[in-house]
Amino acid sequence: MQILSGRFWLIIGIVFGLLLFGMATLQGGVIILTIPFLIYLAVAIIFAPPEMQFKADRQIDAPVVAQNSPVQVRISIKHEGPGADELYIMDEPPPQLEPIQGQTMQLRPLQSGEAFEYDYTVRCARGRYFFSGITITLGEHFGLLQRRIPLPIAGEIRSVPEVPRLRKIFISPQQTRGFSGPIPSRQGGSGMIFWGVREYNMGDYLRRINWKVSSRHLQDLFTNEYEQERIADVGLILDAREKTNISVDALSLFEYSVLATASLAEYFLADGHRVSLLAYGYSLERVFPGYGKVHKKRIYHALAQMETGTNYALENFNFLPTRLFPARCQLVMISPLQPRDYPAIVRLITAGYDVMLISPDPVEFEAKSFDVSPELQQAIRLARVERSVLLHKLARLGVRVVNWQVDQPFEQTIYTALGRRPLFRRNLRAVSR
Amino acid sequence: MSTRLCTSSLVLAACALVIAYGAGNLWGWAVLIAVLGILGGIGPRSLRIKFGGVWLIVFVIAAANGMINGLPALPLVVAAVASLAYWDLDGFNQRLSRVDPSDATRSLEKSHLRRLILALSLGLVVSLMALSIRIDLSMTWAILLGMVIVISLRLGIRALQHQKKLYP
């Protein structure tokens, strides 16, 4: 349908105003002043925009991209009707997308049956973004008469966290799964690492017979046993509570937590483990346990959409639903942590879970944004002490704690902290031998 | 190009009105119009974007007022035409400013100017011809024409209301 713009009504108003004024004052000169406006209006009506017959398409060069990568969006338009003076195309990308090249809108003349395309490049932070559609407006040169049509050409960009590659993390949960993998399972069988010696059974490989031990016995033979290496269940718990994830100058600590989670998920899945994810914030968002590349994508897509939120029922980890994770599996909590979470972690350990805590340091993160004053120095020192006591208490419980200063690379911090088998586990091994 | 023409049109409209009012010894009005012209020409762009139509209305009212006061008709018609050109080009420049300059926008600008010059030249010529024609209308015709105007205006307002319902 033809739209009469505000400019059209202004001209109409002037024409009628002059006519009425001229009639009322009986002045022909005033009526003559309407002539240029009437001719202007007539020219606009003669060249009124035709019916719209558009076909449009949107192409996104990479619907799934790493965080802060440029994405090119291409809009193709095909017009199957007569030409028009002015064509105005307006694409409205989500406001979080930062345009870095090209324009989202176009103004150009339109030829009969013309087809053309244009593109623009945007940069997107982590998230999932939906394009609703474009609005096409046809008009004549004077902008008095228009035709407008919204074309719902949808599109979607998923910007997943950029993942640093991790080298080696030693985990040793109390329970492993039945398939072979890289984790020592604390059970004798076939494997690489020596576990012990047992009496020979029918069917054992002859090359595994321990001749030294057997020579000390007259009738019996003994075979070497190796520690079975299996895969494990790994549960990633991402803390998405708003009050623990501090934001400084539009940069949130949560972004670091998400990066760490994605990185750990990538590592554990590459190692063959079964990985699940639970985000604990406004609600409990979950990715069910799974293996492989498809599951990695599933976790990335879930992480792309994660946001912090406040839910008073989930203020601390006391309501963490442990039944979502297999018994005695490896739990990796990614959380800045607060003192009230301590009892919940104790509860996890007593339930038999092997807990690892990756904690982006909120004190140092926030302290860097302040101007230094003596009072503030004191406050920061107290906060550091409180946090270090909390982390120390957890470490004494057997939690493997990584205190991550977020200005340091994550992979380096992880390699330093978790790149070796934990000391108490090594001692345990020595005792068992 | 269109930006320069826009400012020139405003200056032309203001000058024509100043000349007309000066010829009628109405110097107070002439100074006021000159100030308005200067304000539109060199004032901040945001002011023109917000009140683009105001200059058109003010200058048209000034031209109509000049006609009633018996001022020279030629500069008044020129002022009305120039203020229309200013208003049109101002709107066009605003539309152009939303996009980056390209070959497409340059060709659009050329064809816009061509059509605007054609329409306004025609309007000016017809108006000047009309100034030399004198038709005496009886009271009946005047009332009839007045009624036609009022009815048309009413239809126009109804159409506007209908459109606002469809495209709020």
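Quick note: the coordinates plus some simple rules give every number you see, no bench work behind them. Just so you know, these numbers come straight off a predicted model, no measurement behind them. FYI the Cβ positions are ideal-geometry reconstructions off the backbone, even for glycines, and counts take in every protein chain you see.
Of note:
- P(r) weight above 18 Å for the stretch A:54-169, C-alpha pairs, percent: 54
- Based on C-alpha pairs under 8 angstrom that are at least 6 apart in sequence, chain A has a relative contact order of 13 percent.
- Applying 0.36 nm per residue to the separation of residue A:51 and residue A:193 and subtracting their alpha-carbon distance, the gain on full extension is 43.3 nm.
- Length gained on full extension, residue A:59 to residue A:78: 5.4 nm, using 0.36 nm per residue less the C-alpha separation.
- Other protein chain C-beta atoms within 10 Å of residue C-beta, averaged over A:19-30: 6.
- Note on A:333, A:105, A:192: ascending count of other Cβ atoms within 10 Å places them as A:192, A:105, A:333, the fewest first.
- Per-residue ³J(HN,Hα) for the stretch A:178-193, Karplus 6.51 cos²θ - 1.76 cosθ + 1.60, θ = phi - 60°, Hz, x for Gly and Pro: x, 9, 6, x, x, 9, x, 9, 6, 9, x, x, 8, x, 10, 8
- Dipole-positive endmost among B:135, A:392, A:6 within the protein assembly as shown (Cβ charges, Cα centre): A:392
- Extension gain, residue A:201 back to residue A:130 (0.36 nm per residue minus Cα-Cα distance, nm): 19.2 nm
- Most positive-pole-ward Cα, A:176, A:121, B:6, against dipole of the protein assembly as shown from beta carbon charges: A:176
- The distance between label points at residue B:95 and residue A:350 comes to 7.5 nm (points 7 Å beyond Cα on the Cα→Cβ vector).
- The Rg/Rh ratio for chain A is 1.25, where Rg is the radius of gyration of the alpha carbons and Rh is the Kirkwood radius.
- Per-residue shielding of A:139-150, expressed as the average number of other chain Cβ atoms within 10 Å of the residue Cβ, stands at 3.
- Cross-link pairs beyond the 32 Å C-alpha cut-off, checked among A:297/A:393; A:243/A:297; A:293/A:368; A:78/A:296: A:297/A:393; A:293/A:368; A:78/A:296
- Calculated FRET efficiency for the pair residue A:179/residue B:54, C-beta based, R₀ 60 Å, to 0.05: 0.15
- Cβ-Cβ FRET estimate between residue A:378 and residue A:407, R0 fixed at 22 Å, reported to 0.05: 0.45
- Percent RCO, i.e. relative contact order, over the stretch B:2-134, from Cα pairs under 8 Å lying at least 6 residues apart: 33
- For the stretch B:52-80 and the stretch A:21-62, distance of Cα centres in Å: 21
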